[in-house]
Structure formats: structure tokens, C-alpha cells
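Engineer: Take a look at this one; I'll ask things after.
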Amino acid sequence: MDLHELFLVTLVVEPVLEDHVTRDLLELGATGFTVMEARGRGTRGIRTGDIPGHNVRIETVVAKSVAERILTRVQEKWFEQYAVIAWAHPVKVVRGDKYVAGETQGEAEADEE
Amino acid sequence: MNESGALLDILRANLLSPIPLAFALGVAARLLKSEFSLPRDIYAGLGIYLLFALGLKGGVELGNAPLAAIVVPALVTLGLGVIRPLTSYGVLRSVGRMGVADSAGIAAHYGSVSAVTFIAALAFTDGVGLPAEGFMPTLLAILEVPGIAVALMIGAVKLGGDRPTGEVLHEVLTGRTLVLLGGGLLVGALSDPGAWEQVKPFYDGAIFKGALVLFLLEMGVVAGERLADLKETGAFLLVFGVVMAIAHGLLGAAVGTWAGLSPGGATVLASMAASASYIAAPPAVRMTIPEANPTLSLTAALAITFPFNIVAGIPLYLAFATWLAG
């Protein structure tokens with residue numbers, strides 16, 4: 001089986017940000033994402049966002065350059081005012097080209113070697 | 001009987017009715033750390049049912065009402081929508097000495113309206129035999145948005161920066177309150193009276209009132225969760241939540257009476273004016289004024305102003321409206 005090395009970016013954000021963050025992901029080159037409800041405790045207290053509704057955990061598998069762009073955007077746009085945590089780690093996926101939009105295609109192929 | 005005796009009678013009639021009692025039970029359940037709470041989807045479903053029913057009934061009445069009877073109350077309501085966030089902002093800044101962001105955030109909540117307070121006021125005026133005009137839900141739809149818009153504008157002007165105000169107002173306009181209420185008004189107004197009669201028992205009468213009581217039970221749980229935050233929000237906001245409600249309520253009753261509403265209608269308009277939003281305003285403020293602390297506005301709206309209106313405010317506005325009409 002061919003395994004391709006890509007990056008899994010995970011963001012846990014307060015509920016009002018869901019649409020805004022997922023729009024950013026697609027704009028920065030992600031080809032898709034998964035959203036789950038999340039509960040937990042962080043530095044901003046148990047009810048991180050404070051507005052009724054659950055926090056959401058957004059995951060997307062992307063090429064390394066896209067992962068970096070996403071994390072930079074999150075840092076610049078959301079970290080200061082909102083309850084957001086973000087991380088990325090390398091993952092091995094089958095069907096690597098599924099997660100890569102046109103402009104980063106070459107990079108994913110290079111990663112495979 | 002003297003006037004204060006009449007007010008006490010109204011207060012007692014209100015307190016010993018299922019709506020405030022169910023609300024109190026919900027608060028008590030939360031304070032006793034009971035595991036009870038209504039499943040989230042049922043709570044949301046009841047909210048949808050109540051809003052849509054309100055829209056439908058209002059729409060049917062709107063279809064029957066002469067346009068001239070609605071124009072002045074509608075304009076007065078629009079005026080209230082613009083004035084309330086400004087008075088709230090002014091008081092928060094000058095008396096409360098709060099920052100621009102927190103003041104604008106709270107003002108957006110007090111500029112919009114709580115649909116549940118409105119429905120409770122309708123049920124209350126019905127119960128005491130002074131039913132409000134049938135077109136009142138139209139006024140609720142008119143009051144929902146301008147207050148939020150004005151307060152977000154204050155935030156945008158005073159704080160500067162790149163704020164998605166237009167985008168967020170679109171979200172408010174297409175939010176569930178206006179779609180269900182405004183859409184329901186339209187459906188009700190267009191519906192053939194014979195066809196309405198067939199579905200009326202589900203939307204009007206005992207089922208509606210029973211659903212409202214169940215909804216208030218869960219509102220009690222939600223408000224009870226907020227009570228612990230009162231320590232954080234401080235004494236000023238506690239006083240603000242009550243005094244602002246009374247001031248806006250008396251203003252609403254006065255202009256409602258002036259606009260030709262019956263004492264019941266003026267009471268319902270007053271209760272709307274006195275209420276604070278906790279559904280439409282919070283996400284709108286969070287996206288456009290993220291510097292504002294959401295704990296302050298939500299606690300004031302949910303744990304102070306909402307219970308005050310349900311328990312004492314609505315009867316007070318009725319007494320005032322009756323006295324004005326007197």
C-alpha cells in the first residue's frame with residue numbers, strides 16, 4: 001500500500017468561529033475538513049466561549065505548506081481574542097492526492113519520495 | 001381597592017402561575033446540583049415551535065387588522081429599537097464607567113429583545129383578561145434587529161479596526177428568530193382562514209401554553225447556571241439589569257399607550273422593551289466586538305433582567321399601563 005506523508009491540523013475553537021475558520025481553511029488550500037463537537041477545560045475556563053453551544057474540533061489533512069499557512073493565519077487572526085488551540089502532526093494517509101489542491105500537488109508528490 | 005393593592009394582586013396572580021413557578025423550579029434544580037436538564041434538542045425544538053406558532057398566530061391576526069392600526073405602533077417600536085441601545089450604552093459608560101467594548105456589547109443585548117419574555121407577557125395579559133392586540137408579534141420582529149445593529153455600529157465607530165459588521169448583521173437577519181417569526185407571520189397572513197382552522201389547535205391554545213411552561217423550566221436551569229457568575233459581574237450590573245429593565249419598560253408602556261395600544265398591548269410592548277436578548281445578540285457581539293467579555297452581557301441578560309421581568313417586571317408594566325389608560 002502506498003502511504004503518503006501529510007499533516008493533520010487540529011483546531012479546537014469556540015462555536016461562533018466555526019464558519020469563519022472553515023472558510024479560512026478552504027481559502028488556504030485545504031480540500032476538506034471534519035467538524036466535531038468538543039468539551040473540555042482550558043486556560044479560559046470550562047465554558048471557553050461562554051456563549052451557549054459546544055466548542056468545535058476541526059480537523060483537516062493537508063500538505064506541509066498549507067499546514068503552516070493555516071497555523072500562521074490562526075495565530076494572527078484568532079489567538080488574541082478568541083478561545084482557540086491549534087496543533088499539527090505528521091500523518092500517513094492512503095490516497096494522498098485526495099488532500100491536495102492543484103497548487104500544492106507538486107509538493108505532495110515530492111514528499112512521497 | 002387602592003392602586004397599590006391592585007398591583008399586589010397582579011403580582012400575586014403572576015407569581016402563583018406555572019410560568020414563574022416552573023422557572024423557579026429550574027433555577028432550584030440547578031442550585032441543588034440536580035442532574036436534570038431538558039435534552040438540548042428538545043429545548044431547541046420547543047423554542048422553534050414557540051417562535052413559529054407566535055409568527056403564525058400573529059400573521060393570521062395581521063391579515064385581519066387594518067393597516068392604519070399598526071403603522072403608529074410599528075414606528076414607535078422602531079424608535080424604541082434605536083433608543084434602547086443608546087440609553088444602555090450611555091448609562092454603562094457614564095454611570096458604570098465601563099469600557100467601550102463591554103458597554104457596546106451589553107448595549108447590543110439590551111437593544112434587542114427576548115422572545116420568551118414577550119411570550120410570557122402575552123400569556124400574562126391574556127390570563128388577567130386584558131389580551132394584547134393580535135399584531136404584537138409583528139412588533140417583536142421589528143424590535144429584534146435595530147438595537148443589535150446600533151450597538152454594533154457604536155463598537156465599529158469607537159473601536160475601529162476591521163470588523164465583519166455587515167456580514168454578522170446578515171447572520172442576525174437570517175437567524176432563527178426572524179426566519180421563524182417573520183416567515184410565520186407571512187405564512188399566517190397568506191393562509192386561507194379555513195385552512196388555518198385545521199392546524200390552529202396545534203399552534204394556539206393549551207398545547208402552546210403547555211410548551212411554554214416546559215420551556216421556562218429549562219430557562220430556569222440555564223439562568224441558574226449563570227447565577228454563580230454574578231460574583232464576577234459585580235453589583236453595578238445587578239442594579240443595571242433591574243433599573244434598565246424598569247426604565248425601558250415604563251418608557252415602552254408610555255409610548256405604547258400614546259401610540260394607541262390597549263393596556264394589554266402596551267404591557268407587552270413594555271415587556272419587550274424591558275427585555276434583553278440572549279440568543280441573537282451574543283454570537284453577533286462575539287464576532288464583531290471580541291474585546292467585550294461575554295460573561296458580563298449574558299449574565300446580565302439571563303440571570304438578572306430575564307428573571308426580574310418574569311417575576312415582577314411584567315405585572316409592574318401592566319399596572320403602569322392600566323394606570324396610564326385609567
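Engineer: Count, please, the residues in the range B:167-206 that happen to be β-branched (Val, Ile, Thr) and over 30 Å from residue B:283 (Cβ atoms).
Structural biologist: 1
Engineer: Considering B:261, B:298, B:230, B:316, which residue is closer than 22 Å to residue B:37 by Cβ and buried (at least 24 other Cβ atoms within 10 Å of the Cβ)?
Structural biologist: That would be B:298, the only listed residue that is closer than 22 Å to residue B:37 by Cβ and buried (at least 24 other Cβ atoms within 10 Å of the Cβ).
Engineer: Is it fair to say residue B:253 is more than 11 Å from chain A (Cβ to nearest Cβ) and either small (Gly, Ala, Ser) or in contact (Cβ under 8 Å) with a residue 40 or more places away in the chain (or both)?
Structural biologist: Yes: the conditions hold for residue B:253.
Engineer: Being in a helix (DSSP H, G or I) and within 18 Å of the chain's Cα centre (by Cα) is the filter here, so list the residues in the range B:164-183 that pass it.
Structural biologist: The answer is B:172, B:173, B:176, B:177, B:178, B:179, B:180, B:181, B:182.
Engineer: Out of all the residues in the range B:296-311, is one or more within 14 Å of chain A (Cβ to nearest Cβ), within 18 Å of the chain's Cα centre (by Cα), aromatic (Phe, Trp, Tyr) and closer than 24 Å to residue B:104 by Cα?
Structural biologist: Scanning the range B:296-311 turns up at least one residue that is within 14 Å of chain A (Cβ to nearest Cβ), within 18 Å of the chain's Cα centre (by Cα), aromatic (Phe, Trp, Tyr) and closer than 24 Å to residue B:104 by Cα.
Engineer: Further question on the same structure: Scanning the range A:10-21 for residues that are within 21 Å of residue A:100 (Cα to Cα) and surrounded by 20 or more Cβ atoms within 10 Å (Cβ to Cβ), which turns out nearest to the other protein chains (Cβ to nearest Cβ)?
Structural biologist: If we take residues in the range A:10-21 being within 21 Å of residue A:100 (Cα to Cα) and surrounded by 20 or more Cβ atoms within 10 Å (Cβ to Cβ), then A:21 is nearest to the other protein chains (Cβ to nearest Cβ).
Engineer: Would you call residue B:102 among the charged types (D, E, K, R), out of contact with any strand residue (DSSP E or B) (no Cβ under 8 Å at 6 or more places or on another chain) and within 26 Å of residue B:313 (Cα to Cα)?
Structural biologist: Yes.
Engineer: Please tell me if residue B:83 is surrounded by fewer than 20 Cβ atoms within 10 Å (Cβ to Cβ) and among the hydrophobic types (A, V, I, L, M, F, W, C).
Structural biologist: yes
Engineer: Among the residues that make up the range B:265-283, is at least one of them within 10 Å of chain A (Cβ to nearest Cβ) and surrounded by fewer than 24 Cβ atoms within 10 Å (Cβ to Cβ)?
Structural biologist: yes
Engineer: Within the bounds of the range B:105-127, is there any residue that is in a loop (DSSP other than H, G, I, E, B) and surrounded by fewer than 24 Cβ atoms within 10 Å (Cβ to Cβ)?
Structural biologist: No, because not a single residue in the range B:105-127 is in a loop (DSSP other than H, G, I, E, B) and surrounded by fewer than 24 Cβ atoms within 10 Å (Cβ to Cβ).
Engineer: How do the pairs read when you match residues in the range A:51-71 that are under 29 Å from residue B:299 (Cβ atoms) and in contact (Cβ under 8 Å) with a residue 24 or more places away in the chain with residues anywhere that are surrounded by fewer than 22 Cβ atoms within 10 Å (Cβ to Cβ) and hydroxyl-bearing (Ser, Thr, Tyr), using Cβ under 8 Å and keeping only pairs 6 or more apart or on different chains?
Structural biologist: Note: pairs meeting the criteria are A:57/A:10; A:58/A:10; A:58/A:22; A:58/A:34.
Engineer: Has the range B:131-138 got any residue that is over 18 Å from residue B:76 (Cβ atoms), under 15 Å from the mean Cα position of the chain (by Cα) and of a type outside the set (Phe, Trp, Tyr)?
Structural biologist: no
Engineer: For the range B:61-117, how many residues meet the condition of being more than 19 Å from the chain's Cα centre (by Cα) and polar (S, T, N, Q)?
Structural biologist: 3
Engineer: Which one of these does residue B:202 not meet: (1) assigned to a helix (DSSP H, G or I); (2) closer than 30 Å to residue B:108 by Cα?
Structural biologist: (2)
Engineer: Just wondering, is there one or more residues in the range B:150-163 that are surrounded by 15 or more Cβ atoms within 10 Å (Cβ to Cβ), in a helix (DSSP H, G or I), touching a Gly at 6+ places or on another chain (Cβ under 7 Å) and at negative phi?
Structural biologist: The answer is yes, given that some residue of the range B:150-163 is surrounded by 15 or more Cβ atoms within 10 Å (Cβ to Cβ), in a helix (DSSP H, G or I), touching a Gly at 6+ places or on another chain (Cβ under 7 Å) and at negative phi.
Engineer: Can you tell me which of (1) more than 14 Å from chain A (Cβ to nearest Cβ); (2) within 25 Å of residue B:20 (Cα to Cα) is the one residue B:196 doesn't meet?
Structural biologist: So the condition that residue B:196 fails would be (2).
Engineer: Residues that are modelled with pLDDT under 90: find the helices (runs of 4 or more DSSP H) completely inside chain A holding 3 or more of those.
Structural biologist: Filter on chain A gives A:105-112.
Engineer: Continuing with the same structure: Looking only at the range B:223-242, count how many residues are among the aliphatic types (A, V, I, L, M) and under 16 Å from the mean Cα position of the chain (by Cα).
Structural biologist: Looking only at that region, the number is 2.
The values are calculated or read from the model by the stated rules, or taken from the named source; none is laboratory data. Just so we're clear, the structure is a prediction, and the values are computed from it rather than from any experiment. Heads up, the Cβs are rebuilt from the backbone with ideal geometry, glycines too, and the neighbour counts pull from every protein chain shown.
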